[in-house]
Amino acid sequence: MSSQYRRILLKLSGEALMGDNSYGINQTVVNRIVAEIKDVNKMGVEIAIVVGGGNIFRGMKSKNDSIERVTADYMGMLATVMNALALQDAMKQADLIPRIQSALRIEQVVEPYVRNKALRYLKEGWIVIFAAGTGNPFFTTDTAAALRGMEMNADIMLKATKVDGIYSNDPTIDPQATRFQEISFDEAIARNLQVMDATALTLCRDQKLPLNVFSIFKAGALKRIIIGEDEGTYVTV
């Protein structure tokens, strides 16, 4: 089996890491995700990852909505660093070589984001985990993923979610909702399909970075996308 892509940007939500838990990190789920990443890495695909932090921050925030937005966003960035450390540890145990780069400077824990170093790591076959979003409040980790995907010259951005693609409506509410096999960025934006935030979609569209939205909970889904099978929803210009 040959890969359709040389280099990918994988966006992992914090919610994906908590599995069926109400918050926090589900180590069994993390290990399974890492195993799927390892399968793709063994194919020679260069992998960069942007990780979210909703599994940690939202669990802490649920009873307190009075936090200032800027402060809340920085707390969320720190939560992504915690998730990145958990991923790094699981990857090391799986005999992978991960490197974390953070948009916030926490040099005793992770190295700062330096584009040229990240590119060099990828060329070595190492896995680069980007933490702390863009380092700025008011920007989501979806936008950070689009930005890093472009900076890393990725061939595609893969958004791993709990749903196996983009649907015409919320499939948990509407049993008649249908999955799109392929859709344009313009249509996804116009129909407000909640794929990811509009800033990220617009960035991908304008820079012609294709996107695939898929379920990380479907065994083998990541590899099926890599070899070109119909999996999730492909979003293109």
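The values are calculated or read from the model by the stated rules, or taken from the named source; none is laboratory data. The structure presented is a predicted model; accordingly, all values stated were derived computationally and were not measured. Cβ atoms come from the backbone with ideal geometry, glycine included; neighbour counts cover every protein chain shown.
The residues of region 87-98 that are surrounded by fewer than 19 Cβ atoms within 10 Å (Cβ to Cβ) and outside any loop (DSSP other than H, G, I, E, B), listed by number, are Asp89, Lys92, Gln93.
Check whether at least one residue in region 131-145 is more than 20 Å from the chain's Cα centre (by Cα) and not polar (S, T, N, Q), and report yes or no. So far as region 131-145 goes, no, none of its residues is more than 20 Å from the chain's Cα centre (by Cα) and not polar (S, T, N, Q).
Across region 100-145, what is the number of residues that are surrounded by fewer than 15 Cβ atoms within 10 Å (Cβ to Cβ) and either in contact (Cβ under 8 Å) with a residue 40 or more places away in the chain or of a type in the set (Lys, Arg) (or both)? Total satisfying the criteria: 7. Within the option set Leu193, Leu211, being under 24 Å from Ser102 (Cα atoms) and hydrophobic (A, V, I, L, M, F, W, C) holds for one residue only, Leu211.
When Gly125 is tested against (1) under 24 Å from Cys204 (Cβ atoms); (2) of a type in the set (Gly, Ala, Ser); (3) part of a loop (DSSP other than H, G, I, E, B), only condition (1) is not met. For region 169-176, indicate whether the set of residues that are among the hydrophobic types (A, V, I, L, M, F, W, C) and either surrounded by 14 or more Cβ atoms within 10 Å (Cβ to Cβ) or closer than 25 Å to Arg120 by Cα (or both) is non-empty. No: zero hits. Of the residues making up region 174-216, just one is part of a loop (DSSP other than H, G, I, E, B), in contact with a Phe, Trp or Tyr (Cβ under 8 Å, 6 or more places away or on another chain) and of a type in the set (Val, Ile, Thr), namely Thr178. Residues in region 147-165 that are in a loop (DSSP other than H, G, I, E, B) and charged (D, E, K, R) were compared, and the one that is surrounded by the fewest Cβ atoms within 10 Å (Cβ to Cβ) is Lys162.
Filtering region 13-68 to residues that are buried (at least 20 other Cβ atoms within 10 Å of the Cβ), part of a helix (DSSP H, G or I) and at pLDDT below 95 leaves Gly14, Ala16, Leu17, Met18, Gly54, Asn55, Ile56, Phe57. For Ile225, indicate whether it is on the phi < 0 side of the Ramachandran plot and in contact (Cβ under 8 Å) with a residue 12 or more places away in the chain. Yes; evaluated as a whole, the condition is true for this residue.
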